[in-house]
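Before any comments, here is the structure.
None of the figures in this text is laboratory data; all of them are computed from the coordinates on show. Values in this document were obtained by computation on a predicted structure and should not be read as measured data. Glycine also receives a Cβ, built like all others from the backbone with ideal geometry; neighbour counts cover every protein chain displayed.
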């Protein structure tokens, strides 16, 4: 039966048709068609199942990639903040920020972080919540708003 389904089925069919009855040709055709379609449908179902599994896995991978991108961006913003915080007190005041306004390093970092700005002192006011100092959380939140994405 395996040979009839997957290999050369005509010799076995010819032996039965010539020696027993011509009705065996109908049996062979039906057997080949029904089981052939069944095998094809099983194979097709396996391919569809694997495709659906891969598609659902792609959504998870995309979500994990987005999480990694956000974490990497947050690390970069933290590093910039630590560079700007010359006093090391965990906040950036207006004097520390003013020292860096003309710094090419600050402009380079802002470009690397895809942050748009035109006037750095107005950037300080944008990042500040009104107390005259920028904390790390204010800086990360402001960087996310400046970048154009959702807050980090």
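Which peptide among 49-60, 18-29, 125-136 comes first, and what is the full order, when sorted by highest mean count of other Cβ atoms within 10 Å? Present the calculation step by step, with values, prior to reporting the outcome.
Working: 49-60: 9.7, 18-29: 11.7, 125-136: 14.9.
Per-residue mean Cβ counts within 10 Å order the peptides as 125-136, 18-29, 49-60.
What is the spread of the Cα atoms of the stretch 1-96 along each of their three principal axes, largest first, in whole Å?
Principal extents (largest minus smallest coordinate, Cα): 105, 16, 12 Å.
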